[in-house]
Structures are given as structure tokens and as C-alpha cells.
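What follows is a single structure, written as C-alpha cells, with notes after it.
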Amino acid sequence: MIPKIGIDLGTANTTIYISGRGIVLTEPTVVAVDELTNKILAVGKEAKDMIGKTPGDIKIYRPLKEGVIADYKATLAILRYFLNKVKITKFFKPILVISVPAGITSTERKAVIDAALEAGAREVYPIREPLLAALGAELPINTPSGHMIVNIGGGTTEIAVISLGGIVRWESIRIAGDKFDESIKEYLRKRFNLAVGEKTSEQIKIQIGSAIPVKNNSEDKVMEVRGINILSGLPVTVKVHANNIAEALQKDLREIITGIKKVLANTPPELVADIMEKGITLSGGSALLRNLDSLIYEHTGVPTYVADDALYCVARGTGKIIEKLDIYRRILFTK
Ligand code: ADP
Ligand code: MG
């Protein structure tokens, strides 16, 4: 039997779905490169573990950081690595469904197809991420009704209105989880003279973060953060509260809300009425930021929900397509 594989090629994480089996693997979309020889040394988790610990001539980078395929060679290496890891070799020639950004250009689209074919695929179907996220979130996207999906990942936030299996309006902004981590880092430096690494600021965000200030002690979360005092140069521990994170993220979150409002303002009124009734659905890893749904509701007046299993909506969307390829070929690939 021909293997059918769904790949959520995210800016932060790549997730693989295999038909008949479901989600089998998720690893960081990261590569480690030897700068002297230009050779790719490691991909995925192994490469991510090298972050902050490498000697000078090893560079760690995220080839999809901005949501587009910036580096063909790295993308090819990533696809090969993941296909190998799930034991799909060229010999089996799989059919691939791959997530791509809503705003993909035809050149970028071709680069994805070429990389996938070179990695051993028999057929390749690039599908735009908002459609996959909506499918994975169980939204009935083929009905003549408007749905809004906001997929907040690592590098980008994609906001889209979907109706009749197509994207009616969309907006992609380069503010998502990575920017949150940066803003937290920046805030800690200014507020507490505290220097922390990338991994630590991400941990703080996940462990205690909140999109809106919490009102009382029972909602508060505290973390003892270890870092370097930038004035003394000495290691210190600082108590950081949920409200510190809400403050640190305020500006970024405002920009996401502005993006949502902009898409709503450009959406045909009938579809806006549908969205008002059914609400906004959030997906992607950063949709898990505590109270983000409440914040969006507060600022837009539209009820907002986090999809089940938000981190895996796009991967599950690729799964829905490969399990019913004959039906979806007709509906989606023409759009
Ligand atoms: P992408 O699709 O761009 O690869 P993902 O959807 O995998 O991104 O989401 C990755 C982002 O989600 C990271 O920035 C990560 O820090 C963030 N994230 C994961 N879990 C949480 C959580 N519980 N709260 C806030 N952010 C989270
Ligand atoms: Mg994603």
C-alpha cells in the first residue's frame, strides 16, 4: 500500500501524521550547521538541544522562522530527516500533504513541492495552514457559513475567515510564540536587571504566563527565575509573577488583536454574522497562553474558544485530508 503522510511543517515544530496510524512524531523544526564546511550536523530535537551550548563554528537555526521556506537545502534536510525517522524511505514513495503559509508565493510553493519530491515523495499536496487548522479544529469548513480560525504558532499568527472550503480573508503577522519569548526576555532585563536565555523565557511563559492581568492571589502563578544580574554580573534568583508576563506581552497581544479586527472589518457582513454566532477558534501552541481567549473576547466582543488539542490542529488537519484524499482532492486542491 502507498504510504500517505501529513506533515505540519511549522516554524517551531514539525509534526508527522501517517494514514491509519495518526500522529507519530513531533520535533522542533531546527537544524544545526557546521559553518566551516556548511554541512548539516543535526536536525530536530538533537539540534534544538544544542542551542546555547555550541562551539563558535556550529550555527543553530530555524529555516522556517518567518513562516516561509527561506532555505531550500535545510528544508530538504528536514523532510528527509523526518521521513527517515518514521521509516518512510524513497523506496516506498509516499503521498505527502504538507502545510504551507496562507500567503505562500508560487515560487515558494514550487520550492516546497520540489523539496518534497527530491526527498522521495510520489505526489505532493501543499495545503494552506488555516484550512488545515480549521479542519483539525473540527470546523465544518465546507459549509456556506463563515468561520474564523486564528492559528498562533512560533513564528507567525495566521488569521483567516473560511467559507465553502476556501479562505475568504486572511492576514499573517510575524508575532507569535517566539516574539512572546523575546518580549519576556526584554521585560526581565528592564524590570529586574535580569538576563535569561531563550529557553528560560519560553519556560516562564508556559509555566506562569497570562494574557490578561490576574485579579487575585488564587489566579496568580509565581516562578523563581534564575539568571544573571546585568549590573553585578552575578547569578541571582528573582520571583516573577503572572502579571509581570501579562505586562511583558501586552504590546504583542495588542498587535494580534489589531490583526483580528482588521480581518473582521474586511469580511463580508453575512460571514461576520456567522462568526459572531459561532465564535473565533484559536489553534497552535501559542493559543495555549492562559486567558488569551478571554482577552480576544474582551477586545472584539466575539466569543473565543481554544480548539481541543490546539498544538496539533494543523497536523490533524493533514490527517483528515490524507484519510479521505479522494474527497478532498476535489474540494481543496483547486483553491
Ligand atoms: P509552529 O506551528 O509555528 O511550529 P506551534 O503551533 O508548534 O508553532 O507552537 C509553538 C509555540 O507554542 C512556541 O512558541 C511555544 O512556546 C508555544 N507554546 C506551547 N505551549 C504553550 C503554552 N502552554 N502556553 C503558551 N505558549 C505555548
Ligand atoms: Mg503550526
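Numbers for the structure displayed
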| item | result |
| --- | --- |
| Filtered trypsin sites (Lys or Arg not before Pro), region 169-207: DSSP coil and at most 15 other beta carbons within 10 Å | ARG174 |
| Hits among lysines - C-alpha to C-alpha of LYS278 under 25 Å, sequence gap 8 or more where chains match | LYS261, LYS262, LYS320, LYS335 |
| Extended-chain gain in nm, criterion 0.36 nm per residue less alpha-carbon gap, ASN193 and VAL24 | 56.6 nm |
| Entries in LYS39/LYS199; LYS185/LYS221; LYS205/LYS239 that, when Cα-Cα distance is taken, lie over 20 Å | LYS39/LYS199 |
| For the chain, share of DSSP beta bridges that run antiparallel, in % to the nearest 5 | 70 |
| Helix-only CD estimate at 222 nm, as mean residue ellipticity for the chain, using -39500 (n - 2.57) per DSSP H run (n ≥ 4) | -12000 deg cm²/dmol |
| Cβ charges +1 (Lys, Arg) and -1 (Asp, Glu), total dipole of the chain, debye | 600 |
| Region 18-90 versus region 160-216: alpha-carbon centroid distance in Å | 23 |
| Where only C-alpha atoms are counted, convex hull volume of the chain per residue in Å³ | 136 |
| Gain in span if fully extended, GLU186 to GLU46, counting 0.36 nm per residue against the direct Cα distance | 47.7 nm |
| Taking ASP49, ASP57 and counting other C-beta atoms within 10 Å, the order from fewest to most | ASP57, ASP49 |
| Over region 183-312: Rg over Rh, Cα atoms, Kirkwood Rh | 1.07 |
| Inter-label distance for LYS59 and ASN229, nm, one decimal - labels placed 7 Å from Cα along Cα-to-Cβ | 3.7 |
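Only the coordinates and a few stated rules stand behind these numbers; no lab work does. This structure is a prediction, so every number in the text was calculated from the model and none was measured. Note that we place each Cβ from the backbone using ideal geometry, even for glycine, and neighbour counts take in every protein chain shown.
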